[in-house]
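Written below as structure tokens is the structure these notes are about.
FYI, it's all coordinate maths here, none of it is from the lab. These figures come from a predicted structure and were not determined experimentally. Every residue, glycine as well, gets a Cβ built from its backbone with ideal geometry; the counts of neighbours run over all protein chains shown.
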Amino acid sequence: MTGQLAVVGLGPGDARYVTPEASAALADAQALFGYAPYLDRVPACAGQRRHASDNREELARASAALEQAAAGARVAVVSGGDPGVFAMAAAVCEAIERGPEAWRTLDVAFVPGITAMLAVAAKIGAPLGHDFCALSLSDNLKTWELIERRLDAAAGAGFVIALYNPVSRARPWQLGKAIERLRRHLPAATPMVFGRAVGRPDEHIDVVTLDGADNAPADMATLIIVGSRDTRVIARAGKTPLVYTPRAAVEVSA
Ligand code: SAH
């Protein structure tokens, strides 16, 4: 029997966002590994073992999953959103690179999912309609100085920026500092989108400007899109505004 490992993206929350490929990979697995709230989203499957772990234990989780796959099991590791975006796919690759030679010959598949920035963008128009980048504000795995340099570079070069991991209990001040940093490069009226728990029952979207961003609520389940100088807001009577970045760059910021 040859084992196999699938690293599966569950999308942002609602079952409608799980792709048929992801559903098939999950149903086929004999063992599931993941952060408990993500495992809770996977429909129960008779005889399937579930191994929940804390969200800070990604490398240990990846190694445990690889061990079971190497022993012959069909294993799935789950991530919210897309597994390749600040999630388990890179942890699995790190474990394979550091681990025993046998892990390199395992059958490994990466099953994509809808990542948070695309789910948030789709709720509000087309904020990612022109060049954009994604940045995690977590300084658990990189220094705060590096994050500031990347914010400077991205905002200075005119990219729309998707900010993952803006806030957590252990990281209360980073978002405020990032907003201050962005103000060095972008006008006060730059649109920002705060998308919270998109695709879940408590979903909430706020459209604010850079100068009003300090008061917008953000938590661990929030994805923030910072517009560029070109990003526009279309007000609509009785409806949420549309936020979009035109296909053509109007201005290259200095
Ligand atoms: N792999 C995930 C991202 C993991 S990092 C993905 O592709 O979406 C975790 C961060 O993702 C959160 O702090 C938040 O910024 C964002 N996020 C995840 N799910 C979200 C959702 N449903 N709504 C808004 N943001 C979300």
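What nm value, rounded to one decimal, do you get for the distance between Glu148 and Thr105 when each label is placed 7 Å out toward the C-beta?
For the pair Glu148/Thr105, the computed spacing is 5.0 nm.
If you put +1 on each Lys and Arg Cβ and -1 on each Asp and Glu Cβ, how big is the dipole of region 202-254 around its Cα centre, in Debye rounded to 20?
Dipole size: approximately 400 debye.
Rounded, prolate or oblate: which fits region 115-171 when a ≥ b ≥ c are the square roots of the eigenvalues of the alpha-carbon gyration tensor, with rounded for a/c under 1.5 and prolate only if a/b beats b/c?
Oblate shape, in that a/c is at least 1.5 and b/c is the bigger or equal ratio.
For region 166-254, which chymotrypsin sites (Phe, Trp or Tyr not before Pro) are in a loop by DSSP, counting at most 15 other Cβ atoms within 10 Å?
Trp173
Could you work out the longest stretch of the chain that avoids the trypsin sites (Lys or Arg not before Pro) located in DSSP loops with at most 16 other Cβ atoms within 10 Å?
57-141
Roughly what would the spin-label model give for Val208 and Ala157, points 7 Å off Cα along C-beta, in nm?
Calculated label separation equals 2.7 nm.
At what distance in nm do the modelled label points of Ala170 and Thr19 sit from each other, each positioned 7 Å from its Cα along Cα→Cβ?
3.1
Can you give the calculated 222 nm mean residue ellipticity of the chain, where each DSSP H run of n ≥ 4 adds -39,500 (n - 2.57) and the sum is split over every residue, rounded to the nearest 500 deg cm²/dmol?
After summing the helix terms and dividing by the residues of the chain, the value is -8000 deg cm²/dmol.
What is the Cα centroid distance between region 65-106 and region 187-254, reported in whole angstrom?
Computed from Cα coordinates, the inter-centre distance equals 35 Å.
If the chain between Asn215 and Asp131 were fully stretched, how many nm would it gain, using 0.36 nm times the residue separation less the Cα-Cα distance?
Taking Asn215 through Asp131 to full extension adds about 27.5 nm, to one decimal.
Can you say what percent of the DSSP beta bridges in the chain, counting only those with both residues inside, are antiparallel? Round to 5.
45
Given the options Ala154, Ala189, Ala87, which has the most mean-square fluctuation in a GNM of the chain, springs set between C-alpha atoms less than 10 angstrom apart?
Comparing Ala154, Ala189, Ala87 in a Gaussian network model of the chain, the most mobile one is Ala189.
Treating the beta-carbon of each Lys and Arg as +1 and of each Asp and Glu as -1, no other charges, what is the dipole magnitude of the chain about its Cα centre, to the nearest 20 debye?
Value, rounded to 20: 420 debye.
Once you've got the GNM for the chain with C-alpha springs shorter than 10 Å, pick whichever of Ala60, Ala218, Ala235 has the biggest mean-square fluctuation.
The residue that fluctuates most here is Ala235.
Lys177: which lysines have alpha carbons under 25 Å from its alpha carbon, excluding same-chain residues fewer than 8 sequence positions away?
Lys142
Sequence neighbours fewer than 8 away in the same chain don't count; with that in mind, list the lysines whose C-alpha is under 30 Å from Lys239.
Within the straight-line limit of under 30 Å, Lys239 reaches these lysines: Lys123.
With +1 assigned to the C-beta of every Lys and Arg and -1 to the C-beta of every Asp and Glu, and no other charges, what is the dipole magnitude of region 131-198 about the Cα centre in debye, to the nearest 20?
200
Return the FRET efficiency for the residue pair Asp54, Ala237: r is the Cβ-Cβ distance, R0 is 30 Å, and the value is rounded to the nearest 0.05.
FRET efficiency, Asp54 to Ala237: 0.05.
Could you tell me how many degrees, from 0 to 90 and to the nearest 10, lie between the Cα long axis of helix 88-98 and the main elongation axis, the longest principal axis, of the Cα atoms of the chain?
60
Give the residue from Leu66, Val160, Val233 lying farthest towards the positive end of the charge dipole for the chain; charges sit on Cβ (+1 for Lys and Arg, -1 for Asp and Glu) and the dipole is referred to the Cα centre.
Value computed over the given set: Val233.
Put +1 on the Cβ of each Lys and Arg and -1 on the Cβ of each Asp and Glu in region 2-160; which of Gln30, Ala89, Ala121 then has its Cα farthest toward the positive end of the dipole?
With unit charges placed on the Cβ atoms, the residue in question is Gln30.
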